[in-house]
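Structure record follows, encoded as structure tokens.
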Amino acid sequence: MRVSKKTDYALRALFTLVDHYGGAPIPIRELARRNDVPKRFLEQIMLGLKAQGWVASSAGIRGGYFLAKSPGKITMGEVVRHFDGILAPIDCVSVTGYKRCSQESVCRFRRVFYDARNYIASLMDRATLAEVAKGLPVSRQEVSSGFIGGEGI
């Protein structure tokens, strides 16, 4: 699974809003600056988040964006599916993006992708913004260690 820039930027903005949940709205310019996101692109993303009811906005000099829904009620799975459509790594194991493959009846590796889909979907659907926000960032050392033969990960 690989998420788009749009999803990446949406999650960045959402977690900034989680950190300020219940506080003053954050102007779009500030959201863009804090998350290193082009402002015009973020404006489109925020409209998508707003359409889902996850964020709201207020106008005026002290206006901006804020979470419209509790961070415990929004999952990463919902956000990824909204912007990227599916979580499945290949089309032949997707529920909503299914495309038949001529090798389905004999394919042996499809099961691994099917299991990966189920694991990823379960993990992402349990990962509320509130729970994820409690965690620590992953260090560069963590990314590099713990895998034997993990080239290409």
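The values are calculated or read from the model by the stated rules, or taken from the named source; none is laboratory data. Bear in mind that the values here come from a model prediction, so they are computed numbers and not experimental data. Note that each Cβ is placed from the backbone with ideal geometry, even for glycine, and that neighbours are counted across all protein chains shown.
Criterion applied to S70, S102 was being farther than 16 Å from R2 by Cα, out of contact with any helix residue (DSSP H, G or I) (no Cβ under 6 Å at 6 or more places or on another chain), of a type in the set (S, T, Y) and touching a residue at least 12 places away in the same chain (Cβ under 8 Å), and the one residue passing it is S70. Being within 23 Å of M1 (Cβ to Cβ) and either surrounded by 12 or more Cβ atoms within 10 Å (Cβ to Cβ) or of a type in the set (F, W, Y) (or both), is that true of even one residue in the range 139-153? Yes, the range 139-153 contains at least one residue that is within 23 Å of M1 (Cβ to Cβ) and either surrounded by 12 or more Cβ atoms within 10 Å (Cβ to Cβ) or of a type in the set (F, W, Y) (or both).
Residue-by-condition table, conditions (1) modelled with pLDDT of 95 or more; (2) closer than 25 Å to D125 by Cβ:
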site: L31; (1), (2): yes, no
site: E43; (1), (2): yes, no
site: W54; (1), (2): yes, yes
site: A59; (1), (2): no, no
site: G63; (1), (2): no, no
site: P71; (1), (2): yes, yes
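Residues in the range 111-143 that are part of a helix (DSSP H, G or I), farther than 16 Å from S94 by Cα, of a type outside the set (A, V, I, L, M) and at pLDDT 95 or above: R126, E131. Residues of the range 73-92 that are at pLDDT below 95 and part of a loop (DSSP other than H, G, I, E, B): G85, I86, L87, A88, P89, I90. Close contacts from the range 113-125, counting a first residue that is closer than 9 Å to G77 by Cβ and a second that is β-branched (V, I, T) and buried (at least 17 other Cβ atoms within 10 Å of the Cβ), with Cβ to Cβ under 9 Å and a gap of 6+ residues or different chains, come to M124/T75; M124/V79; M124/V80; D125/T75.
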